[in-house]
Amino acid sequence: MSVIITQPLTLEEFLKLPETKPASQYINGEIIQKPMPKGRHSRLQGKLCAVINEVTENLEDCLWVSRITV
């Protein structure tokens, strides 16, 4: 059996690496592959995106109206 010892990566070195699929994340000098989201997480993510879009669209309408009335 062989043991491979690697030195921790710096953030600069990590940022120079090509993107991977699924995405990787940098934690304390280590590259860790992000787990793929599953069922419930994906549904919650979709609902959150819909709410954020609705709020920002309403905010844009309010800002537009306030610019005209000023």
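Among the GluC sites (Glu not before Pro) within the range 5-39, those in coil by DSSP and having at most 15 neighbouring Cβ atoms inside 10 Å are E19.
Given R₀ = 35 Å, what would the calculated FRET efficiency be for R40 paired with E13, taking r from the Cβ atoms and rounding to 0.05? Each step should come with its number before you reach the end.
On the way: r = 35 Å, r/R0 = 1.01.
About 0.50, to the nearest 0.05.
Excluding same-chain neighbours fewer than eight residues apart, the lysines reachable from K21 by a Cα-Cα span under 17 Å are K34, K38. Approximating the spin labels as points 7 Å out from Cα along Cα→Cβ, the Q33-to-K21 distance works out to 1.4 nm.
A short reminder: the numbers here are calculations on the coordinates, not readings from a lab. Just so we're clear, the structure is a prediction, and the values are computed from it rather than from any experiment. Positions of Cβ are generated from backbone atoms using ideal geometry, with glycine treated the same way; all protein chains shown enter the neighbour counts.
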